[in-house]
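Right, one structure below, let's go through it.
Quick note: the coordinates plus some simple rules give every number you see, no bench work behind them. Everything numeric here is computed off the predicted structure, so don't read it as measured data. Counting neighbours? That spans all protein chains shown, and the Cβs are built from the backbone with ideal geometry, glycine included.
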Amino acid sequence: MRVLVTGCKGQLGTEMRRLSVEHTKHSYVYVDIDELDLTDGEAVKRLVEKEKTDVIVNCAAYTNVDGAEENEAAALRVNADAVENLARTGRKIIHISTDYIFSGEGWLPYRETDAAAPRTAYGRTKWEGEKRLKEWSRDAIVFRTAWLYSPWGKNFVKTMLKYGAEKDELRVVYDQIGSPTYAGDLARVIYAALDADEWHGGTYHVTDEGVCSWYDFTVEILRQANERENKYKARVIPIRSDEYVYKTPRPHYSVLDKQKVKDTFGVSIPHWTESLKECLEQMI
Ligand SMILES: NC(=O)c1ccc[n+]([C@@H]2O[C@H](COP(=O)([O-])OP(=O)(O)OC[C@H]3O[C@@H](n4cnc5c(N)ncnc54)[C@H](OP(=O)(O)O)[C@@H]3O)[C@@H](O)[C@H]2O)c1
């Protein structure tokens with residue numbers, strides 16, 4: 001199969017490129033906005049035909065949660081209109097969505113069948129993208145993930161390493177619970193879906209194993225980082241969400257149930273502390 005990977009310069013797209021050497025069953029073309037603006041439906045159609053694409057892996061998105069709150073229309077163009085452009089090509093699609101489609105007020109891991117109730121503009125636009133995709137491509141694969149990080153782009157791990165080395169104290173919320181996800185682990189699940197003998201359309205939840213708060217995550221980031229280079233000296237203080245000023249409301253509970261993806265694709269997913277180690281080895 002010929003596979004087109006969009007958003008190839010983002011966190012996930014970069015991991016897809018990095019791990020491509022281990023996956024030679026199919027041939028790959030990687031593009032980002034410089035080569036193909038996904039909001040241009042005609043350009044999408046042209047490139048998909050020119051490249052004789054069989055499958056599209058959509059790693060592109062408008063991921064700035066606060067930016068989406070200020071300009072929902074811009075987020076909608078990328079997170080829904082562009083997804084529809086891809087789906088209208090009639091090719092098989094693997095698309096990435098988010099825990100933000102849920103309310104975040106639950107207390108049991110969200111299953112794929114749980115009701116969507118997005119509380120933010122970003123969540124609404126991603127949910128709209130899922131719905132449009134399913135209208136045009138019934139056998140699409142949707143991987144919903146959460147708390148994505150990598151050595152690339154902007155993410156929580158990079159921010160905490162920077163502040164952990166610069167500041168005396170970091171105040172981090174301990175009442176928002178989720179599962180950190182190394183982008184390389186999500187890329188491996190995507191490759192498992194592509195390399196599988198059969199196409200298994202449907203929606204799946206994928207994060208790393210284990211659960212923690214942003215406070216716990218920060219403590220572990222600095223602990224592991226100090227084992228590699230002893231300069232991350234900030235003291236980490238747990239605070240409640242109402243002690244921090246957010247531009248956009250954040251989900252209190254983002255844990256996703258991963259049983260379906262494990263059963264369907266036979267993947268084993270590492271604990272987030274192990275994956276953090278793999279990521280930091282590339283960074284420090
Ligand atoms: N980051 C998280 O914590 C998180 C959590 C849950 C789910 N997700 C989902 O996981 C997926 C991957 O996220 P990520 O963190 O890897 O994203 P990312 O690093 O922000 O990368 C997204 C890429 O898409 C590109 N892009 C934006 N608009 C485009 C357009 N109109 N046409 C073509 N490309 C465009 C971006 O280019 P520019 O940088 O130039 O805009 C960027 O290279 C997304 O679907 C996201 O919603 C992420």
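For the reader, a short list of remarks on this structure follows.
- Under 5 Å between amide hydrogens, built in the peptide plane, is the criterion, and for R144 it picks out S97, Y204, H205, V206 among residues at least 5 positions away or on other chains.
- For the chain, share of DSSP beta bridges that run antiparallel, in % to the nearest 5: 5 percent
- Reach of K126 by Cα under 25 Å, taken over lysines that are not fewer than 8 positions away in the same chain: K9, K45, K92, K134, K154, K158, K247, K258, K260, K262
- Taking amide H as placed 1.01 Å from N in the peptide plane, the amide H of K92 sits under 5 Å from that of I56, each at least 5 places away or on another chain.
- The stretch 30-167: equivalent-ellipsoid semi-axes (sqrt of 5 x gyration tensor eigenvalues, Cα, Å): 27, 20, 14
- Cα gyration tensor category, rounded, prolate or oblate, for the chain with a/c compared to 1.5: prolate
- Sorted by Cβ density within 10 Å, fewest first, the residues T145, T203, T24: T24, T203, T145
- Length-normalised contact order of the chain in % [C-alpha pairs under 8 Å, at least 6 apart]: 20 percent
- Looking at the stretch 215-280, the GluC sites (Glu not before Pro) that sit in a DSSP loop and have at most 16 other Cβ atoms within 10 Å of their own Cβ are E229.
- Distance from the stretch 12-60 to the stretch 104-118 (C-alpha centre basis), Å: 31 Å
- The stretch between V245 and H26 holds 74.2 nm of extra length on full extension. This uses 0.36 nm per residue minus the Cα-Cα distance.
- In loop segments of the stretch 69-106 as defined by DSSP, the GluC sites (Glu not before Pro) with at most 12 further C-beta atoms inside 10 Å of their C-beta are E105.
- Loop-located chymotrypsin sites (Phe, Trp or Tyr not before Pro) in the stretch 89-170, at most 15 other Cβ atoms within 10 Å (DSSP): W107
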